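Asker: Structure in structure tokens, see below.
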Amino acid sequence: MIRALFGRLAPALVAALAVLTTGLPVAAQTAPARPDAPEKLVFSILSAEGQASSGPLWEPLLDDLERDLGIPVETRFGSNYSVLVEAMAADQTQIGWFSALPAVQAIDRAGAEVVARTVDVEGKDSYTSSLIVRRGSGITIADIERCDRSLDFGLGDAQSTSGTLAPMTYFFSPRNIDPRSCFATVRSANHQANSFAIANGLVDVATSNSVNTVFLTRQNPEIAKQIETIWESPPIPESGILVRGSLPRWLKADIAEFFTGYGQGFGPEAERQRRVLEGLNYSQFRAADNSYLNPIREMKADQARREGTASDVAPPESPGVLQMVRQWGPFGFIGLLALFAVLTNLRPAPAPTARDAAEVPPPPKKSMASWSLDLLLWGGLAVILIASFGRVDMPNLGNLFSNGENMRNYGRDFLSPDFSDWKLLVGQMWLTVQIALWGTFLAVFLAVPLSLMASRNLAPAWLVWPVRRVMDLLRSIPDLVSATLFIVAVGLGPLAGVLAIGLNTAGVLAKLFSEAVESIDNGPIDGVKATGAGRLHEIAWGVIPQVAPLWTSFALYRFESNSRAATVLGLIGAGGIGQVLFESLQAFDYNTVSTIAIIIIVAVTLIDMLSQVMRKRLL
């Protein structure tokens, strides 16, 4: 994984070094001719939109591929899935862009291999199937479920993932609907043809997908305005880049390296490549193998079971040894560390040896049992960090530097704040501070009794456990979720924000308060108890004076945090400056956004200074 990150940054670093040392641009290198290199490569594109629409979008990328490989690349477009799969099987095409289901069939029938998968501009590597109708037609899912043969239906190609397989698997089969018997007519066409048929009133309902929606909005906005979606499927694996398995290994590696590195890096060339990807509605190609298509195989297997027929694609491959090691290895290693720690701590401690009273004892040494617990804690943490490196996209950290120009362009819009409405914005910020203040006050009011009942040195065990679970529940519910629930009860406005912040903060403060109580000295409590005082007097005179400074510090810190958290609650209409902030972001009014950011920074700074003064006065 670290090697992959270095691989992404290395070309840029080498180029920069060459410019610094020679003052000349790095010359493009041509791949040396190899005896097993093919004379040409044919790249097939499975496009529902057709060559006229998709050709100009793919052409720059394939020109770059030809230059990078040093091998002529020809293009073949097609909207028929099976023809392009058979073309690859017959070695008429060697590389191809396929949607999910045809990609599976190309793997099974043509011996193809996945080298990359596409990622859209929002960072998603999946898309959705949909059912579309003409806007304003009034047709709903209930009308389809009625199955009264009153509607005309546009289905996708028989081998289409989003046009046929996903709608049948996720919509029609669970409702026991057979489109052939429930619609007046059923016609098969690609997504673009179905969309035009919907807009022109030729069919009432048709299948489509989220990718086609983007293309229509961009190239045929008038048609897109006439269409609305009434159903969407769960996420479907996005399209992929496949190569024939018979290609030389070095060539497959070069093709994979080209796609996964395309649009990554620094400089004008990388920027141009990213513009090419944007035209295709992609942000990058991500490394992948055949296993990423397993959800499609599972859908086909499920469909075959329901229909009582044999599946026309192979079942999902069982995970190999290496894949199982990658998936379960970290858990197994942590389990071994835990077993070692348990066995070590179960061993009886050695009896102390008798020593002469005059002998100076040796310095204390950490026992093996203690070392084993440390190894479990820190070793387990290291294993989790390493195992999650790829899952959290850390190899893509280089994009932070390669897309620096985009960040600078975006940041320029924030350099001209608009203070014309500063009174309104300051008033909204003051409302946000009041929301945070009242939320923190309610939280402290709830946290004090909860913390006392959750302290093991004050409350019985039968009370501590359930109270701590209540505290866990309060901390676990995100502010946005609880605020939404309160909005349903009390309506839009700041009260929902106050209640949401109070609920979440009560769980946090109760835990911190209880830990402070458990660390107190029992001497003052015993002294109060010796006077014959009751339980409440013990808490009032033996506990509270010891924990009051810490409690005050915790409460002030949470007030500072809540002043920032209250801003986010504006997203769902809980009032305050956050609501104005998100409205400005949605309107692309970055001048106002810049002003709001400045006001928030000033407000948080003033709150921090005030908190410091209060701590000095109270502690």
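The values are calculated or read from the model by the stated rules, or taken from the named source; none is laboratory data. Every value quoted in this text rests on a predicted model; they were computed, and no experiment measured them. Neighbour counts run over all protein chains shown; Cβ positions are idealised from the backbone, glycine included. Keep in mind that these areas ignore ligands, DNA and RNA; they rest on the heavy atoms of the full protein, side chains included. Shrake-Rupley method; radii C 1.70, N 1.55, O 1.52, S 1.80 Å.
Asker: With Kirkwood's inverse mean 1/r over C-alpha pairs for Rh, give me the Rg to Rh ratio of the stretch 190-315, two decimals please. Working shown, then result.
Answerer: Working: Rg = 19.0 Å, Rh = 18.1 Å.
Using only Cα positions, Rg/Rh for the stretch 190-315 is 1.05.
Asker: Treating the beta-carbon of each Lys and Arg as +1 and of each Asp and Glu as -1, no other charges, what is the dipole magnitude of the chain about its Cα centre, to the nearest 20 debye?
Answerer: Details: 50 positive and 57 negative charges, 354 e Å.
It comes to approximately 1700 debye.
Asker: Hey, what did the stretch 79-237 get for relative contact order, percent, Cα under 8 Å, at least 6 apart? Please report the intermediate quantities before stating the final value.
Answerer: Numbers: 256 pairs, mean separation 49.7, N = 159.
Answer for the stretch 79-237 is 31 percent.
Asker: Right, something else. If you plug each phi of the stretch 166-173 into the Karplus form 6.51 cos²θ - 1.76 cosθ + 1.60 with θ = phi - 60°, what whole-Hz ³J(HN,Hα) values come out, in order, with x for Gly and Pro?
Answerer: In residue order, the calculated couplings are 5, x, 5, 6, 9, 10, 6, 4 Hz.
Asker: Does the stretch 523-613 come out rounded, prolate or oblate by the C-alpha gyration tensor, with a ≥ b ≥ c the root eigenvalues, rounded set by a/c under 1.5 and, if not, prolate when a/b is larger than b/c and oblate if not?
Answerer: Details: a/c = 7.67, a/b = 3.29, b/c = 2.33.
Prolate shape, in that a/c is at least 1.5 and a/b is the bigger ratio.
Asker: On to the next question. Points 7 angstrom from Cα along the Cβ direction at S181 and R249: gap in nanometres?
Answerer: Distance between label points: 5.4 nm.
Asker: So for the pair M614, W422, with labels modelled 7 Å out along Cα→Cβ, what separation do we get in nm?
Answerer: Rounded to a tenth, the inter-label distance reads 2.6 nm.
Asker: Please label the shape of the stretch 41-129 as rounded, prolate or oblate, based on the square roots a ≥ b ≥ c of the eigenvalues of the alpha-carbon gyration tensor (a/c under 1.5 means rounded; beyond that, a/b larger than b/c means prolate, else oblate). Please list the in-between numbers first.
Answerer: Values: a/c = 1.35, a/b = 1.02, b/c = 1.33.
Cα axes put the stretch 41-129 in the rounded bin.
Asker: For the chain, what is the mean residue ellipticity at 222 nm derived from helices alone (per DSSP H run of n ≥ 4: -39500 (n - 2.57); sum divided by total residues; nearest 500 deg cm²/dmol)? Kindly include the intermediate steps, with their values, before the conclusion.
Answerer: Working: 26 runs with 349 residues, N = 619.
So the helix-based figure for the chain works out to -18000 deg cm²/dmol.
Asker: Let me check against my output: what whole-number percent is the relative contact order of the stretch 235-314, with C-alpha pairs under 8 Å and at least 6 apart? Could the numbers behind the result be given before it?
Answerer: Values: 45 pairs, mean separation 20.5, N = 80.
About 26 percent, as a whole number.
Asker: Also, I was wondering about something else. Please state the charge dipole magnitude for the stretch 179-275, taken about the Cα centre, from unit charges on C-beta atoms (+1 on K and R, -1 on D and E), reported in debye and rounded to the nearest 20.
Answerer: 280 debye
Asker: Continuing with this model, one more query. Take peptides 514-521, 160-167 and line them up by average Cβ neighbours within 10 Å, highest first, as a rough protection proxy. The partial results should precede the final answer.
Answerer: Numbers: 514-521: 17.2, 160-167: 25.8.
Ranking, from highest mean packing down: 160-167, 514-521.
Asker: Same structure again: Using a 1.4 Å probe on the protein chains only, how many percent of the accessible area of the stretch 143-202 belongs to carbon and sulfur? Numbers along the way, then the final one.
Answerer: Numbers: 1120 of 2470 Å².
Here carbon and sulfur together make up 46 percent of the probe-accessible area.
Asker: Let me make sure I get this right: for the stretch 544-583, a, b and c are the square roots of the gyration tensor eigenvalues over alpha carbons, sorted descending. Under 1.5 in a/c it's rounded, otherwise prolate if a/b > b/c, else oblate. Which is it? Intermediate values should be presented prior to the final figure.
Answerer: Numbers: a/c = 6.22, a/b = 4.52, b/c = 1.38.
Prolate, because a/c is 1.5 or more and a/b exceeds b/c.
Asker: Got a sec to turn the phi values of the stretch 230-235 into Karplus ³J(HN,Hα) couplings, 6.51 cos²θ - 1.76 cosθ + 1.60 with θ = phi - 60°, whole Hz, x for Gly and Pro?
Answerer: Result, rounded to whole Hz: 10, 7, 10, 7, x, x.
Asker: Now, a different point. Using Cα pairs closer than 8 Å and at least 6 residues apart in sequence, work out the relative contact order for the chain, in percent.
Answerer: Values: 878 pairs, mean separation 76.1, N = 619.
In percent, rounded to a whole number, it is 12.
Asker: Students often get this wrong, so try it: which of [x] 179; [y] 298; [z] 229 is volume of the Cα convex hull per residue in Å³ as calculated from the structure shown?
Answerer: [y]
Asker: Between the stretch 102-140 and the stretch 414-481, what is the C-alpha centre distance in whole Å?
Answerer: Cα centroid to Cα centroid, the span is 43 Å.
Asker: I'd like to check one number: the per residue accessible area of the chain, probe 1.4 Å, reported in Å² as a whole number. All intermediate terms of the calculation are to be shown ahead of the outcome.
Answerer: Values: 33370 Å² over 619 residues.
Roughly 54 Å² per residue, with all protein chains present.
Asker: Under DSSP H, which helices of the chain have Cα atoms covering 24 Å or more of the helix axis and a Kyte-Doolittle average no less than 0.5? If you can, show how the numbers build up before the last one.
Answerer: Values: long enough: 2-22 (29 Å, 1.58); 51-69 (26 Å, -0.57); 321-346 (35 Å, 1.32); 422-453 (46 Å, 1.51); 494-518 (35 Å, 1.17); 544-568 (35 Å, 0.18); 590-618 (41 Å, 1.18).
Long hydrophobic helices here: 2-22, 321-346, 422-453, 494-518, 590-618.
Asker: Which of the peptides 290-302, 364-376 is most tightly packed, and how do the rest follow, judged by the mean count of other Cβ atoms within 10 Å per residue?
Answerer: Working: 290-302: 18.5, 364-376: 13.5.
Per-residue Cβ counts within 10 Å, averaged per peptide and sorted highest first, yield 290-302, 364-376.
Asker: Enter the accessible area of R149 (Å², nearest 10), with the probe set to 1.4 Å and all protein chains included.
Answerer: Here the accessible area works out near 120 Å².
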